[in-house]
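Trainee: Just dropping this structure here.
The values are calculated or read from the model by the stated rules, or taken from the named source; none is laboratory data. What you see is a predicted model; the values in this text were computed from it and never measured. Cβ placement follows ideal geometry from the backbone for every residue including glycine, while neighbour counts extend to all protein chains displayed. Each accessible area value is taken on the protein alone, full model and side chains, heavy atoms only, with ligands, DNA and RNA left out. Shrake-Rupley method; radii C 1.70, N 1.55, O 1.52, S 1.80 Å.
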Amino acid sequence: MIPRLYIIIPCYNEEQVLPITSGMFLTKLCSLIDNGKIAPDSRILFVDDGSRDATWQIIQELSKQDCHFIGIRQSRNRGHQNAVLAGLMEAKDQCDITISIDCDGQDDIDAMDRMVDEFHSGSEIVYGVRSSRKTDTVFKRATAQGFYKLLKSMGVDTVYNHADYRLVSSRVLHEFADFKEVNLFLRGMFPLVGFKSTCVYYERHERLAGESKYPLRKMLALAFEGITSLSIQPLRIIMGLGCLIAALSFIGVIWSIVVALMGDSVPGWASMTCIICFIGGVQLTCIGVLGEYIGKIYMEVKHRPRYIISERTFDDQ
Ligand code: UDP
Ligand code: MG
């Protein structure tokens, strides 16, 4: 089977870079078609994320010029993750594989060949991984790498140095559609879906034109989203802290009684200290227990699928 590919490209105020990179994407798509790796009716799907500049006009123009270009537009700016999701959900019934990639030319489009090859070898998800961060500033590199380590320590399974450049088969997307959560951190959610996956390594370049649409504020918000939408570990930390302080306050209680019995304290000091230590410890432990239940409720309301079947020995109709 020759798969039909949809390249999903989120765009937000990208009028400067789109005229440059759209041609690059089309050349890549045509070369993949010519090499017989993907079907001739493959498409490049732009998702305009509520841009305020001429991005949508450019997308409309492109779709008139070449039938391989198509576009959808979000009613307002919802952010990169939602734009990618919109594109993936739009594409899932139209194609066999999708590749999501930023529109600014930073991610090496030549890695697409290897991604499609990996799909032909049986992988359903292929993660594009940056082999180095030479073009990033020292600050961005340090914060990004620290973030991946933090996620791991919180029990979130992400692919190190992978952003949102990835190939996903429509089969995985159909299962992914059952992940109903609204707080999106796609790179941490796809590993939850499972299926055979692999990585393809590439060098990340500088942005070809325009400015980053991901200022520090948005990056921090994404990092926070990643932890709080995939992990209830922070609540567990409160629980641990509660137990620790309860244990310490127990020692504090014994210590204050001993000091009082030895007559080294003013009247009332021991009882006050005991009460403060005791109440503090009990309160934090109780908050921890509440946190544990809130964590459970949080995971429940996501309504994630409880199982996903990847193979059967018989045909499912
Ligand atoms: N983007 C988007 N909506 C937003 C912000 C960004 O669709 O609210 C798109 C943007 O057009 C680009 C991709 O997300 O295609 C990544 O953004 P950018 O290159 O600015 O981020 P950086 O590479 O600097 O982290
Ligand atoms: Mg970029």
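Trainee: Full extension from A221 to L290: what is 0.36 nm times the residue separation minus their Cα-Cα distance, to one decimal in nm?
Mentor: 22.3 nm
Trainee: Now for a separate question. Between the alpha-carbon centers of the stretch 255-301 and the stretch 188-212, tell me the distance in whole angstrom.
Mentor: 47 Å
Trainee: Could I ask something else about it? Under the Karplus relation 6.51 cos²θ - 1.76 cosθ + 1.60, θ = phi - 60°, what is the ordered set of whole-Hz ³J(HN,Hα) values for the stretch 74-81, x standing for Gly and Pro?
Mentor: Per-residue couplings from phi come out as 7, 5, 7, 6, 10, x, 3, 4 Hz.
Trainee: For G71, list long-range residues whose amide hydrogen, built 1.01 Å from N in the peptide plane, is under 5 Å from its own amide hydrogen.
Mentor: F46
Trainee: Give, in nm to one decimal, the length gained when the segment between V266 and S121 is fully stretched (0.36 nm per residue of separation minus the Cα-Cα distance).
Mentor: Length gained between V266 and S121: 44.3 nm.
Trainee: Turning to a different aspect of this structure: Efficiency by 1/(1 + (r/R0)^6): what FRET value for I20 and Q233, r their Cβ-Cβ distance, R0 = 30 Å, to the nearest 0.05?
Mentor: Taking R0 as 30 Å, the efficiency between I20 and Q233 is 0.10.
Trainee: Per residue, how many Å² of accessible area does the chain show with a 1.4 Å probe?
Mentor: Working: 16640 Å² over 317 residues.
Accessible surface, normalised per residue, equals 52 Å².
Trainee: Once you wrap a convex hull around the alpha carbon atoms of the stretch 170-228, what is its projected area averaged over all directions, in nm²?
Mentor: Details: hull surface 24.1 nm².
Result: a mean projected hull area of 6.0 nm².
Trainee: Now a separate question. If you consider only alpha-carbon coordinates, what radius of gyration and Dmax does the chain have, in Å?
Mentor: 25.8, 92
Trainee: Right, another one. Quantify how much of the Cα-Cα distance distribution of the stretch 79-122 extends past 13 Å, in percent.
Mentor: Above the 13 Å cut-off, the stretch 79-122 has 63 percent of its Cα pairs.
Trainee: Would you work out what percent of the accessible area of the stretch 1-151, with all protein chains in place, is carbon or sulfur (probe 1.4 Å)?
Mentor: Carbon-and-sulfur percentage of accessible area, whole number: 50.
Trainee: Quote to one decimal, in nm, the extra length available between S153 and V138 on full extension: 0.36 nm per residue of separation minus the C-alpha distance between them.
Mentor: 3.1 nm
Trainee: While we're looking at this one, here's another question. Need one number: the % of Cα-Cα pairs in the stretch 1-80 sitting beyond the 22 Å mark.
Mentor: Result: 24 percent of Cα pairs exceed 22 Å.
Trainee: Oh, and also: Give the span of the stretch 67-159's Cα atoms along each principal axis, as three whole-Å numbers ordered largest to smallest.
Mentor: Over the stretch 67-159, Cα extents along the principal axes are 42, 39, 29 Å.
Trainee: Using DSSP, restrict attention to beta bridges with both residues in the chain and report what percent are antiparallel, rounded to the nearest 5.
Mentor: DSSP beta bridges in the chain are roughly 25 percent antiparallel.
Trainee: If you don't mind, there's one more thing I want to ask. Take every Cα-Cα distance within the stretch 5-144, group them into 5 Å bins from 0 onward, and report for each bin the whole-number percent of pairs it holds.
Mentor: With 5 Å bins starting at 0, P(r) equals 2, 10, 19, 22, 21, 14, 9, 3, 1.
Trainee: Here's something else I'd like to know. From the Cα gyration tensor of the stretch 1-46, with a ≥ b ≥ c the square roots of its eigenvalues, which class applies: rounded if a/c is under 1.5, or else prolate if a/b is larger than b/c, or else oblate?
Mentor: oblate
Trainee: Ignoring ligands, DNA and RNA, please state the percent of accessible area on the stretch 178-317 from carbon and sulfur, probe 1.4 Å.
Mentor: Within the stretch 178-317, the accessible surface is 68 percent carbon and sulfur.
Trainee: Could you please put L62, L235, L208 in sequence from largest to smallest accessible area, using a 1.4 Å probe?
Mentor: Output order, biggest surface exposure first: L208, L235, L62.
Trainee: Additional query: Take the Cα radius of gyration of the stretch 156-199 and divide it by 2.2 N^0.38 Å, with N its residue count; two decimals is plenty.
Mentor: Here the Cα radius of gyration is 1.10 times the empirical estimate.
Trainee: List every residue whose amide H lies under 5 Å from the amide H of E15, counting only residues 5 or more places away in sequence or on a different chain, with H placed 1.01 Å from N in the peptide plane.
Mentor: For E15, the qualifying residues are A54, T55.
Trainee: Rounded, prolate or oblate for the stretch 132-174? Axes are the square roots of the Cα gyration tensor eigenvalues, ordered a ≥ b ≥ c, and the cut-off for rounded is a/c under 1.5.
Mentor: Because a/c hits 1.5 or more and a/b fails to exceed b/c, the stretch 132-174 counts as oblate.
Trainee: Now for a different question. Relative to the compact-globule scaling 2.2 N^0.38 Å, provide the ratio for the alpha-carbon radius of gyration of the stretch 216-317.
Mentor: That works out to 1.83 for the stretch 216-317.
Trainee: Expressed as a whole percent, how much of the Cα-Cα distance distribution for the stretch 86-232 exceeds 26 Å?
Mentor: Here the long-distance tail beyond 26 Å is 24 percent of all Cα pairs in the stretch 86-232.
Trainee: Apply the Karplus curve 6.51 cos²θ - 1.76 cosθ + 1.60, θ = phi - 60°, to the phi angles in the stretch 279-287 and return the couplings in whole Hz, x for Gly and Pro.
Mentor: 4, x, x, 5, 4, 5, 5, 4, 4
Trainee: P(r) for the stretch 50-96: what percent of alpha-carbon pairs falls in each 5 Å bin, starting at zero?
Mentor: All Cα pairs considered, the percentages come to 5, 19, 25, 25, 20, 6, 0.
Trainee: Return the single residue from Q283, Q233, Q16 with maximal mean-square fluctuation; model: Gaussian network over the chain, springs between Cα atoms under 10 Å.
Mentor: Q283
Trainee: Calculate, for E206 and F314, the FRET efficiency according to 1/(1 + (r/R0)^6) with r their C-beta to C-beta distance and R0 45 Å; round to the nearest 0.05.
Mentor: In this case the efficiency is close to 0.30.
Trainee: Helix-only mean residue ellipticity at 222 nm, the chain, DSSP H runs n ≥ 4 weighted -39,500 (n - 2.57), per residue, nearest 500. What is it?
Mentor: Details: 10 runs with 158 residues, N = 317.
Helix-only estimate at 222 nm: -16500 deg cm²/dmol.
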